[in-house]
Every structure is written in structure tokens, then in C-alpha cells.
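Accompanying notes for the structure given below.
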Amino acid sequence: MVDLLKDKVAEALKMYREISSKALSGEIEPNPPQNDYSILDLLASERPTFQLVNPEDPVYVSSFRLLRWSEPVDLGQKTFNIVLFTAGRVLGENAVEHGLIKNLDDLVEFALNQRLGIYDIVSADDSSVVINVYESISSSGIPNIGRTVCHFERGFLTAVFSKLYKRRVTVEETHCWGTGYSFDRFEIKISDVSV
Ligand SMILES: [Zn+2]
């Protein structure tokens, strides 16, 4: 099963790298904004690689997303984004503290095993890392709703890189399904400040 997933991921990466580079160069237009969408649009995932390995993939993705989109009106979107960020951060901290993620290869493997998404390290040096995420559990398949949605992932990546580099880091999601792209892209800035 694991080997099947790895084979399929290798194939998928070729396709996704092509799609993302065309989107970044402007050769492919982003999906147009969609003003009228329902929770069903947000639950519908597009994860052909994961679904190939497990046909029930859309089931647990929609369970995850029901929680993801349960923004209580009283709390407000901004506060709920912080809740999601914190949940991701706790996961990232624990994954590093328990030795599940010791380097970038482990991060890719962990994300795959936990079905968070297909993580693709685009570039990495001492001061910045760029990661594309394909088939994300949070976002893949959602319409262009005019905002990035992967706050759980931002928190997760913030914690992982902060722990691995022992530096203060900031993570920005520059591209997202929520803003019309068919992938997510994160820019991780690693500061000189030790933590
Ligand atoms: Zn996203």
C-alpha cells in the first residue's frame, strides 16, 4: 500500500509541478472568484492520488473539513483562524518533539502518511523555504472564495521549522485553492532570532 502511494505520488508530482509552474508564470489563469458557495463546495475534495490508494479518502476529508468550517459566528473568522493555526502548531511541535520529523524528508513523509497532502519542497536554504502542497486535506477542490484557508498548515509549518531550525520563523501562504489556484504554496522565512 505504501509503495503504491509512493509510485502514484511520483507520477502526480510531475503533473502538479507542471500545473503549478504554469500558474505561477501566468500561463494558467486562476479560477474565477465564486461568491455563492455552500458548505458542500468546501467539503468536496479533489485528491485523486490519495483516493486511488483509499477510495474512502473523501469521507475522512469531509469529516476533517466539517470541523475546519465550523467557524462559530460569535467567535469570528479571525479568531477561528488562530484556533486552526494553534491546532496545526501543536501537531508540528509534537511531531518534532517525538522524533517523527527530524528533517525535510521526514516532513514530506509525515504529511503523506497523515494524508495532510503531497508536500513538495521547492527550495530550501538557511533563511527561507518554499513548499508547494498538492491535494491538501484543508483546501483541495474548494472554489475561489477570495482568501487563503490553510491556517492549520501555516501553524504546522511554523512549529516544524521553528523546532528544526531553533529560530523564530514566519509562514505566509502565498497561493491557495481558496484564492483560485489548484495548489497551495507556503513561504517560510527563517529569522536570525533563536528560540
Ligand atoms: Zn491553502
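Matching residues to (1) buried (at least 18 other Cβ atoms within 10 Å of the Cβ); (2) in contact with a strand residue (DSSP E or B) (Cβ under 9 Å, 6 or more places away or on another chain):
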{"position": "Glu46", "(1), (2)": "no, no"}
{"position": "Leu52", "(1), (2)": "no, no"}
{"position": "Val59", "(1), (2)": "no, no"}
{"position": "Leu84", "(1), (2)": "yes, no"}
{"position": "Gly99", "(1), (2)": "no, no"}
{"position": "Ala124", "(1), (2)": "no, yes"}
{"position": "Val133", "(1), (2)": "yes, yes"}
{"position": "Ser139", "(1), (2)": "yes, yes"}
{"position": "Pro143", "(1), (2)": "yes, yes"}
Report whether or not Val108 is at pLDDT 95 or above, buried (at least 16 other Cβ atoms within 10 Å of the Cβ) and either among the aliphatic types (A, V, I, L, M) or out of contact with any Gly (no Cβ under 9 Å at 6 or more places or on another chain) (or both). yes
Among all residue pairs at least 6 apart or on different chains, which show Cβ distances below 9 Å where the first residue, located in the range 170-194, is hydroxyl-bearing (Ser, Thr, Tyr) and the second is near the ligand (Cβ under 8 Å from one of its atoms) and modelled with pLDDT of 95 or more? Thr174/Thr148; Thr174/Asp184; Thr179/Thr148; Thr179/Val149; Thr179/Glu173; Tyr181/His175
Taking the range 139-185 only, how many residues are more than 17 Å from Lys78 (Cβ to Cβ), in a helix (DSSP H, G or I), aromatic (Phe, Trp, Tyr) and within 11 Å of the ligand (Cβ to nearest atom)? 1
Restricting attention to the range 186-195, and to residues there that are part of a strand (DSSP E or B) and over 16 Å from Asp125 (Cβ atoms), which single residue is nearest to the ligand (Cβ to nearest atom)? Val193
Name the single residue, out of those in the range 115-138 being part of a strand (DSSP E or B), within 16 Å of the ligand (Cβ to nearest atom) and touching a helix residue (DSSP H, G or I) at 6+ places or on another chain (Cβ under 8 Å), that is farthest from Leu52 (Cα to Cα). Ile131
For the structure I just gave you, tell me whether Leu91 is crowded, with 17+ Cβ neighbours inside 10 Å, within 14 Å of the ligand (Cβ to nearest atom) and of a type in the set (A, V, I, L, M, F, W, C). no
Of the numbered conditions (1) more than 19 Å from Glu93 (Cα to Cα); (2) in contact with a helix residue (DSSP H, G or I) (Cβ under 8 Å, 6 or more places away or on another chain); (3) among the hydrophobic types (A, V, I, L, M, F, W, C), Cys176 fails exactly one; give the number of that condition. (2)
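Listed here are the residues, each with its yes/no results for (1) farther than 17 Å from Leu84 by Cα; (2) of a type in the set (A, V, I, L, M); (3) at pLDDT 95 or above.
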| site | (1), (2), (3) |
| --- | --- |
| Ile145 | yes, yes, yes |
| His151 | no, no, yes |
| Arg154 | no, no, yes |
| Phe161 | yes, no, yes |
| Lys166 | yes, no, yes |
| Thr179 | yes, no, yes |
| Ser182 | yes, no, yes |
| Ser194 | yes, no, yes |
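The values are calculated or read from the model by the stated rules, or taken from the named source; none is laboratory data. Owing to the predicted nature of the structure, the values given are computational and were not obtained by experimental measurement. Note that each Cβ is placed from the backbone with ideal geometry, even for glycine, and that neighbours are counted across all protein chains shown.
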